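Comments concern the structure below.
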Amino acid sequence: MTTVRTPFAGPVVALADVPDPVFAGQLVGAGVAIDPSAESGPVTAVAPVDGTIVKLHPHAFALQGAAGTDVLVHVGIDTVKLAGAGFELLAAEGDTVAAGDPVVRFTPSTIIAAGYSPVCPVVVLGSAPDSVAQDAVGTTVAAGDPLYTA
């Protein structure tokens, strides 16, 4: 089992409450989401597991976990349409990272001002629906806190 940690602080919400049918329907995988809406300044998203960054876009990154758990962190909904505006990459594809290492910096208010949701799904790629514990939903977490095990 791998402990998947939160990439940044905020309230934890269920994927079913994410305003995107792909994430809400767990089509990419099971998990939870973090809502950084209350943050006024820049937020640094960190790696939720030890592993290798296999995909890195300004709005999303995927890690091949060292223990075999692959995790996607998607910063905001429809944020691909921002074409990288408001995001700063702090790592590169192919980098080996430890849980807690910085990957992307973004400003939630910039995402909101563009008309998008800053909510951030953190999912186990390819996992079965409802296969991730939802114990953290409804709580507020600090960066690096355990979200779930997978």
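What are the residue pairs meeting all of these: first residue in region 121-147, first residue at negative phi and charged (D, E, K, R), second residue open to solvent by less than 70 Å² (accessible area, probe 1.4 Å) and not in a strand (DSSP E or B), Cβ atoms under 6 Å, and 6 or more apart or on different chains? Listed pairs, sorted by first residue: 145/6. Of all residues in region 29-49, those satisfying the criterion of being open to solvent by 40 Å² or more (accessible area, probe 1.4 Å) and in a loop (DSSP other than H, G, I, E, B) are 35, 37, 38, 39, 40, 42.
For region 100-109, the count of residues that are acidic (Asp, Glu), on the phi > 0 side of the Ramachandran plot and touching a residue at least 12 places away in the same chain (Cβ under 8 Å) is zero.
Screening region 1-28 for residues that are among the small types (Gly, Ala, Ser) and part of a loop (DSSP other than H, G, I, E, B) and picking the one that is farthest from residue 143 (Cα to Cα) gives 25. Across region 85-107, the number of residues qualifying as closer than 19 Å to residue 145 by Cβ and either within 13 Å of the chain's Cα centre (by Cα) or buried (at least 17 other Cβ atoms within 10 Å of the Cβ) (or both) comes to 6.
Against the list (1) of a type in the set (S, T, N, Q); (2) surrounded by 15 or more Cβ atoms within 10 Å (Cβ to Cβ); (3) over 16 Å from residue 118 (Cβ atoms), the condition residue 79 fails is (3).
The values are calculated or read from the model by the stated rules, or taken from the named source; none is laboratory data. Because the structure is predicted, anything quoted here is derived from the model rather than measured. No Cβ is skipped: glycine too gets one built from the backbone with ideal geometry, and neighbour counts run over all protein chains shown. The protein model used for the area step is the full one, side chains on, heavy atoms only, and it has no ligands, DNA or RNA in it. Shrake-Rupley method; radii C 1.70, N 1.55, O 1.52, S 1.80 Å.
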